[in-house]
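Visitor: After the structure tokens below, expect a handful of questions from me.
What follows is calculated from the coordinates using simple rules that are stated; it is not laboratory data. Because the structure is a prediction, the values reported are computed rather than measured. Backbone-built Cβ (ideal geometry, glycine too); neighbour counts: all protein chains shown.
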Amino acid sequence: NAGVTQTPKFQVLKTGQSMTLQCAQDMNHNSMYWYRQDPGMGLRLIYYSASEGTTDKGEVPNGYNVSRLNKREFSLRLESAAPSQTSVYFCASRQGRSNQPQHFGDGTRLSIL
Amino acid sequence: DQQVKQNSPSLSVQEGRISILNCDYTNSMFDYFLWYKKYPAEGPTFLISISSIKDKNEDGRFTVFLNKSAKHLSLHIVPSQPGDSAVYFCAASAWNSGGYQKVTFGTGTKLQVIP
């Protein structure tokens, strides 16, 4: 019963390096999301995908790109990492579009030096 | 502009007593509210929710109250147990112009239940 799986769990990058965070869900959910969590800031939406083949910007999309590879997978890419992107990243999925809770992965802790 | 606010970063409660976590919001378009619980090194997990047409929803030891006129909701945990020690996030959702239900999270309240 995996739910939402994120890889890697931890990563350290140097400024300017690129990286892709992977997310996969096995619940046949239509919608998928990427959030970042920073101290005192709560969870802020980076990008979301309401359905396979569509992606849209959230609150804090700058410096990130996403790919909804198929219904199961939604990846987040940092093209040129910056120290301000040091954060914990959570992927989530949800069935349907309304009034359903999101299911979260366990997060990727990313440090950029 | 923080549309969902949890003004208490932390809360300590004795085991067996009531825990009350508070959340305020500013956007009157929010029509659905959720609480999530988060343990260290894990993702948030859904706890309980309430629609804007209700003022109370109960699930076992957890009750959420909604006061729309005050734009305030609260989560009551009775009785509190040590396993309830976690960070609790309040979240609120509203439909945007693109036909998508956007969810906004609060900053979280860390609850410690003391045995």
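Visitor: I need the fraction of alpha carbon pairs in the stretch A:1-81 separated by more than 22 Å, rounded to a whole percent.
Guide: Above the 22 Å cut-off, the stretch A:1-81 has 23 percent of its Cα pairs.
Visitor: Return the distance in nm (one decimal) between the two label points of a simple spin-label model at residue B:76 and residue A:86, each offset 7 Å from Cα along Cα→Cβ.
Guide: With each label placed 7 Å out from Cα toward Cβ, I get 4.3 nm.
Visitor: If I stretch the segment between residue B:17 and residue B:67 completely, what's the gain in nm (0.36 nm per residue apart, minus their alpha carbon distance), one decimal?
Guide: 15.7 nm
Visitor: On to the next question. Residues of B:104-110, mean number of Cβ from any other protein chain within 10 Å of their own Cβ, rounded to a whole number?
Guide: 4
Visitor: Efficiency by 1/(1 + (r/R0)^6): what FRET value for residue A:71 and residue B:27, r their Cβ-Cβ distance, R0 = 22 Å, to the nearest 0.05?
Guide: Efficiency computed from Cβ-Cβ geometry: 0.10.
Visitor: Residue by residue, what Karplus-based ³J(HN,Hα) values in Hz, rounded to whole numbers, does the stretch A:39-48 have, using 6.51, -1.76 and 1.60 with θ = phi - 60° and x for Gly and Pro?
Guide: Along the stretch A:39-48, the couplings run x, x, 10, x, 9, 10, 6, 8, 8, 9 Hz.
Visitor: Could I ask something else about it? If one computes the Cα centroid of the stretch B:1-69 and of the stretch A:4-20, what distance in Å separates the two points?
Guide: 31 Å
Visitor: So which residue, out of B:84, B:24, B:55, gets the largest mean-square fluctuation from a GNM of chain B using Cα contacts under 10 Å as springs?
Guide: Comparing B:84, B:24, B:55 in a Gaussian network model of chain B, the most mobile one is B:55.
Visitor: Also, I was wondering about something else. Give me a comma-separated list of calculated 3J(HN,Hα) values for the stretch B:76-91, in order, Karplus coefficients 6.51, -1.76, 1.60 applied at θ = phi - 60°, integers in Hz, x for any Gly or Pro.
Guide: 10, 10, 9, x, 6, 10, x, x, 7, 5, 5, 9, 10, 10, 8, 9
Visitor: Still on this structure, please answer the following. Among B:52, B:69, B:80, which one shows the biggest mean-square fluctuation in a GNM of chain B, springs joining Cα atoms closer than 10 Å?
Guide: Judging by the Gaussian network model, the answer is B:69.
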